[in-house]
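**Q** Below is one structure. I have some questions about it.
The values are calculated or read from the model by the stated rules, or taken from the named source; none is laboratory data. Predicted model only: the values in this text are computed from it and were never measured. A quick note on method: Cβ atoms are made from the backbone with ideal geometry, for glycine too, and the neighbour counts reach across all protein chains shown.
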Amino acid sequence: MQAGSCIFCKIAAGEIPALRVLEAKDAVAFLDIGPLAPGHLLLIPKAHYTSILDVPPPALSELVSHLPGLARAVLQVTGASGLNILQNTGESSGQAVFHLHFHLIPRTAGDRLGYRWNAGSYSAGQGEALQGRIVETLKSRV
Ligand code: 5GP
Ligand code: ZN
């Protein structure tokens with residue numbers, strides 16, 4: 001999606017309304033319009049990046065620096081006892097808005113939101129093979 005037609009670019013620019021809770025130089029946080037729990041927030045960069053895959057690390061560092069303060073504030077205000085910080089990358093992950101964003105989802109015991117996805121396991125040698133290939137790939141990309 002191009003930045004010009006991106007709903008989160010429009011929110012960042014103030015062209016469409018959102019219930020903002022943080023306005024920083026390069027980032028905005030606001031209430032998700034379809035909350036999974038009261039206080040569900042989205043943190044976005046003002047600049048348009050599609051996902052974690054195309055954001056330069058310094059811009060990502062600046063963005064995530066806002067997470068601890070937001071987390072503390074939303075826990076204090078909602079009385080939730082925990083939260084999930086979620087970042088979906090790609091359609092198969094559930095990403096629906098293709099402007100990088102972090103969800104902060106307040107959690108309380110027994111809220112039935114779930115998280116425990118079905119865990120798999122590795123066959124003999126499969127984990128080690130993946131480990132080796134990922135290590136080599138990381139080396140070749142530096
Ligand atoms: P994703 O599935 O891409 O990780 O999450 C996108 C999130 O953006 C959803 O939770 C959805 O409710 C939220 N969202 C989509 N459009 C709007 C909007 O116009 N305003 C606000 N505040 N949230 C939105
Ligand atoms: Zn955008």
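**Q** Mind checking whether some residue in the range 4-20 is touching a Cys at 6+ places or on another chain (Cβ under 6 Å), more than 9 Å from ligand 1 (Cβ to nearest atom) and either in a loop (DSSP other than H, G, I, E, B) or closer than 20 Å to Ala73 by Cα (or both)?
**A** Checked against the condition, which is being touching a Cys at 6+ places or on another chain (Cβ under 6 Å), more than 9 Å from ligand 1 (Cβ to nearest atom) and either in a loop (DSSP other than H, G, I, E, B) or closer than 20 Å to Ala73 by Cα (or both), the range 4-20 yields no hits at all.
**Q** Filter the range 103-142 for residues that are at pLDDT below 95, basic (Lys, Arg) and under 30 Å from Pro35 (Cα atoms); which is farthest from the chain's Cα centre (by Cα)?
**A** My answer is Arg112.
**Q** Would the range 59-68 turn up any residue that is among the hydroxyl-bearing types (Ser, Thr, Tyr) and either farther than 18 Å from Ala27 by Cβ or modelled with pLDDT under 95 (or both)?
**A** No, the range 59-68 contains no residue that is among the hydroxyl-bearing types (Ser, Thr, Tyr) and either farther than 18 Å from Ala27 by Cβ or modelled with pLDDT under 95 (or both).
**Q** Name the residue that is farthest from His103 (Cα to Cα), counting only residues in the range 33-63 that are under 12 Å from the mean Cα position of the chain (by Cα) and not β-branched (Val, Ile, Thr).
**A** By that ranking, first place goes to Leu60.
**Q** Out of the residues in the range 27-38 meeting the condition of being touching a residue at least 40 places away in the same chain (Cβ under 8 Å) and more than 16 Å from His66 (Cα to Cα), tell me which one is farthest from ligand 1 (Cβ to nearest atom).
**A** Going through the range 27-38, the residues touching a residue at least 40 places away in the same chain (Cβ under 8 Å) turn out to be 29, 32, 36-38.
Remaining after also requiring more than 16 Å from His66 (Cα to Cα): 32, 36-38.
Numbers: Asp32: 5, Leu36: 7, Ala37: 11, Pro38: 14 Å.
Going through the qualifying residues, I end up with Pro38.
**Q** Quick one: in the range 35-90, which of the residues that are in a helix (DSSP H, G or I) and within 16 Å of ligand 2 (Cβ to nearest atom) is surrounded by the most Cβ atoms within 10 Å (Cβ to Cβ)?
**A** Top of the filtered list is Leu63.
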